[in-house]
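Okay, so here's the structure we're looking at.
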Amino acid sequence: MSLNEHAKRVYNVAPDPVALTFADGETHEFEIESAEFFQEDFQGEAARVDDDADYRLVTDGDDLVVGRNAGDGWATFGVVTDVARA
């Protein structure tokens, strides 16, 4: 198994802001606060300028998934389909 391509891109762009595009077609800009690999697994924490919620990025099999916590618990925000430098 190899490293997730989207996670590698986030890791390489951080700490600069990244634009993440999701499976629903929406694109949002994130400021990456931490990003690290544990063997092939990726975990990161991020924030958005236009939102006070906490975000976590994790690999789940072949997908890079973003979770969101706005104070009422964690929920899946979306599956990343593209990563670009913001």
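Pull up all non-local amide H partners of L64: gap of 5 or more, or a different chain, and H-to-H distance under 5 Å with H placed in the peptide plane.
So L64 has HN proximity to V80.
Just tell me the longest site-free run in the chain, where the sites are GluC sites (Glu not before Pro) in a DSSP loop having at most 16 other beta-carbon atoms within 10 Å.
41-86
So what is the calculated 222 nm ellipticity per residue for the chain, using -39500 (n - 2.57) for each DSSP H run with n of 4 or more, over all residues, to the nearest 500 deg cm²/dmol?
-3000 deg cm²/dmol
For the chain, how big is Rg over Rh, using alpha carbon atoms and the Kirkwood form of Rh?
0.93
Bear in mind that the values in this text are calculations on the coordinates, not laboratory data. Please read these numbers as outputs of a predicted model, since none were measured by experiment. With ideal geometry, Cβ positions are generated from the backbone for all residues, glycine too; neighbour counts draw on all protein chains shown.
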